[in-house]
Ligand SMILES: [Fe+2]
């Protein structure tokens, strides 16, 4: 858990106990709780982990108000609808998913704040991994989804992905945040939990400040990665906020 004066962040790793063939095992979910009121949100819940996540919120005495998504995931099914069913939490997607996603209670536009107690998350449109990726900012921290990873970034080869847009989202938006802003990514494949804007400006493999847009685009376009194993199930389900039918 990370603390500041007003909020607590709980980092939830995905433990794929069934060891089935998919690549959701490195997904990250986050519970952010307002310290005074216990009002809280969960970002990028994974359907397979909902029971665990609800157990944690119950243990901590939290009231879950919102299930927030950074984007329409291709690698796992969101737990948003199940969480809504169990707790009444409202489902929130970034505004660029409007027209793509159904079953969503609120589309958050850039600069709009989602308030829970004395704490609020503010949306920042960061397209590029997909065309509707949204990051969410807290004072001192940002949840970057698959736009910016620790030392890396999300793929840009489907769901309206664009290396050009991703470069601009990172350089013109995320990298304008203070250097000590903590980054919480949507995945990490090496067991790391967080980074900072300053670290990524210096050490990110493809997006550090010494790399220009043309080089980045060329690097991304050269990458050949296998399709996520459950993509054809996950994307349509996530366009329904995680409802299976
Ligand atoms: Fe993704």
Checklist entry - How many residues does the stretch 191-218 hold that are without any contact (Cβ under 8 Å) to a residue 40 or more places away in the chain and either loosely packed, with under 15 Cβ neighbours inside 10 Å or out of contact with any strand residue (DSSP E or B) (no Cβ under 9 Å at 6 or more places or on another chain) (or both)? => result 12
Item to check | Residue that is over 23 Å from residue 243 (Cβ atoms), away from the ligand (no atom under 15 Å from the Cβ) and either free of Cβ contacts under 8 Å to residues at least 40 places away in the same chain or crowded, with 19+ Cβ neighbours inside 10 Å (or both), where the choices are 83, 32 | outcome: 32
Item to check | The lone exception for residue 189 - which of (1) within 16 Å of the ligand (Cβ to nearest atom); (2) at pLDDT 95 or above it fails | outcome: (2)
Item to check | the stretch 98-129: number of residues that are in contact with a helix residue (DSSP H, G or I) (Cβ under 7 Å, 6 or more places away or on another chain), farther than 18 Å from residue 171 by Cα and in a strand (DSSP E or B) | outcome: 2
Item to check | Tabulated pairs, the stretch 86-105, first at positive phi, second outside any loop (DSSP other than H, G, I, E, B), C-beta under 8 angstrom, 6+ apart or interchain | outcome: 103/81; 103/91
Item to check | Criterion: touching a strand residue (DSSP E or B) at 6+ places or on another chain (Cβ under 7 Å) and within 12 Å of the ligand (Cβ to nearest atom) - qualifying residue of 107, 149 | outcome: 149
Checklist entry - How many residues are touching a helix residue (DSSP H, G or I) at 6+ places or on another chain (Cβ under 7 Å) and either under 11 Å from residue 127 (Cα atoms) or modelled with pLDDT under 95 (or both) when one looks only at the stretch 160-178? => result 3
Checklist entry - Residue check: is residue 174 part of a helix (DSSP H, G or I) and within 13 Å of the ligand (Cβ to nearest atom)? => result no
Item to check | Of residues in the stretch 193-229 being under 19 Å from the mean Cα position of the chain (by Cα) and assigned to a loop (DSSP other than H, G, I, E, B), the one farthest from residue 30 (Cα to Cα) | outcome: 207
Checklist entry - Which ones in the stretch 49-70 are farther than 16 Å from residue 114 by Cβ and either within 16 Å of the ligand (Cβ to nearest atom) or in a loop (DSSP other than H, G, I, E, B) (or both)? => result 60, 61
Checklist entry - When you go through (1) under 12 Å from the mean Cα position of the chain (by Cα); (2) within 15 Å of the ligand (Cβ to nearest atom); (3) farther than 20 Å from residue 13 by Cα one by one for residue 128, which number turns out not to apply? => result (1)
Checklist entry - For residues in the stretch 1-29 being part of a strand (DSSP E or B) and touching a helix residue (DSSP H, G or I) at 6+ places or on another chain (Cβ under 8 Å), which is modelled with the highest pLDDT? => result 29
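The values are calculated or read from the model by the stated rules, or taken from the named source; none is laboratory data. For clarity, every value in this text was computed on a predicted model and none was experimentally measured. Because the Cβ atoms are built from the backbone with ideal geometry, glycine has one as well, and the counts that use them run over all protein chains shown.
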